[in-house]
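Below is one structure, written out as structure tokens; the observations come after it.
Read the figures in this text as sums done on the coordinates, not as results from a lab. Just so it is clear, the structure is predicted and the values come from calculations on it, not from any experiment. Ideal geometry is used to build each Cβ from the backbone, glycine not excepted, and the neighbour counts take in all protein chains shown.
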Amino acid sequence: MSHIHLPDGILPIWLWAMGYLITMVSGALLFRLTHKEDLTKKLPLLGMMAAAMVLGASVEIVPIAYHVNLMVISGILLGPSLTFLAAFVVNVILALFGHGGITVIGLNTLLLSIEGIFGYFFFRLFWKVWKRLIPVAFIATFLALCLSTFSMIGVVSLGVSHYEDLMHQDEGHGVFEFKLFKKHDDHHGQSKESAEANLGRFAGVTLSLGFLGWILEGIMTTLILRYIYRLRPALIKLEQEA
Amino acid sequence: MVHLSYLDYLSTEGKSFLHHLSPGWKILGMLLVLSGIVLLKNLSGLFLLYAVVLGFFFATRLPLRIFPLTLYPLVFTILFLFISDFQIQFVLRVFLKVLSASTGVVLLLATTPYPSIFGVLDRFFPSLLVTALFLTYRSIFILLKVFEETQHALYLRGGFQWRHPKRSLVNLSNAFGHLIIKGIDSSEKMYEAMTLRGFKNKIRY
């Protein structure tokens, strides 16, 4: 829910190109901060966590069009920099199965990373305050999902004028289209208003279904973390902070 | 996701003309399809693109049981259709773009063994990234096997029943927790094995 399930060719070129650019820059910055030795050691773990996320994403909860991401767990187990790489890898593989387009991989990486990285920081922060796994895990997951879903709606809203074009494109004006940036005089007044109204509906549907999803994923993440904490507490690395 | 191993089998055992074509050309073809999806403006152009990709799908005589895989992404686009008034032009455009991309991707995966795809990617992208992709792809097969075993255990403990949501959620979460712990164990073994073979952030395909 929190990442964009849009196919290729729907978002404007400038938007997804920007997504790739920001992903590359953020990725490069994060890897500068990561120890090379640590990276080598954690690559197989990253692969396993990414695979678990791919499997989680393949379990679709049909009535609310939702699937679990397991991104917050990944953030807690891998740490922020490796979570970013895991998000990228997961999105590439999901895109290969039509789960979001190939051109939106950059944007999806950013949105999923928001979930994983903020989930990690919320979890650590709330743990310092409460020191109780169940409420901390639930609230951290809920807030991280909420944040990334709002970011997703924000990203989709950036392309409103482009969707307008897609809706009102007339046949017979050529076969190809290449617009890196939108011209300002393409649409005016009424059509823009109707586009805003539609975005409101999209946001409404996304948030109402998403809300159920956040609760569901919050509960699942909490239960999974409780299971891991019972069997392998060292993996969550809370002992030294408790 | 369970079709992944079948796609893998098809890609190595298939004998069609696309199976014999070099992976580089097939990836280039996929990029051309993607460019078409991004740049094509009218419905007739998109219909033509889908017809071409579909033509390749049937020309390679891939089993029809993998065809539903190309339709699966339509599920995810429905939410986005709320942004329009479900206008027929918009819906058709979106559906044709989705179907062209998914058919192209299924065609690529069913005719190209994955080490060959990663081999090509390794020439253009940082090896760390391609290694992470390769390890993830490999791990999916390992976890799928664990998942199958876990599913049996899950059914024995009541499985997933809508009548008992609380118990079902606990069962499902424990299954995922088990999957993650097993996955972490496997990753440690994998790391030791790879280190013994001289792994240094790069795999040769």
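Shape class of region B:125-196 from the alpha-carbon gyration tensor: prolate, with a/c at 1.5 or above and a/b greater than b/c. Each Lys and Arg adds +1 at its Cβ and each Asp and Glu adds -1 at its Cβ; summed about the Cα centre, region B:4-112 shows a dipole of about 160 debye.
Exposed loop trypsin sites (Lys or Arg not before Pro) only (DSSP loop, at most 16 other Cβ atoms within 10 Å): please give the longest stretch of chain B free of them, not including the sites. Of all site-free stretches, the longest is B:62-156.
Annotation: extensible slack from B:Q151 through B:F199 equals 13.9 nm (criterion: 0.36 nm per residue apart, minus Cα-Cα distance). Once the Cα-Cα distance is subtracted from the 0.36 nm per residue extended length, the A:V129 to A:W14 segment shows a gain of 37.2 nm. Annotation for region A:81-97 versus region B:2-70: alpha-carbon center distance of 22 Å.
Taking a quarter of the surface of the Cα convex hull of chain B gives a mean projected area of 15.1 nm². Electrostatic tally near B:T131: other residues with Cβ closer than 11 Å to its Cβ, Lys and Arg +1, Asp and Glu -1, net +3. In the protein assembly as shown, the alpha-carbon atoms span a convex hull of 153 Å³ per residue. With one equal scatterer per alpha carbon and no solvent term, the Debye-computed log10 I(q)/I(0) for region B:99-156 at 0.31 1/Å reads -1.11. The alpha carbon centroids of region A:43-59 and region A:197-223 are separated by 22 Å. Within the set A:K128/B:K189; A:K41/B:K182; A:K42/B:K200; A:K131/A:K237; B:K145/B:K189, which residue pairs have Cα atoms separated by over 23 Å? Result: A:K128/B:K189 exceed 23 Å. Counting only other chain Cβ atoms within 10 Å of each residue's Cβ, the peptide B:36-48 averages 5. With a cut-off of 13 Å on the backbone N, the residues of region B:105-141 near the modelled label site 7 Å out from B:S5 along Cα-Cβ are B:140-141.
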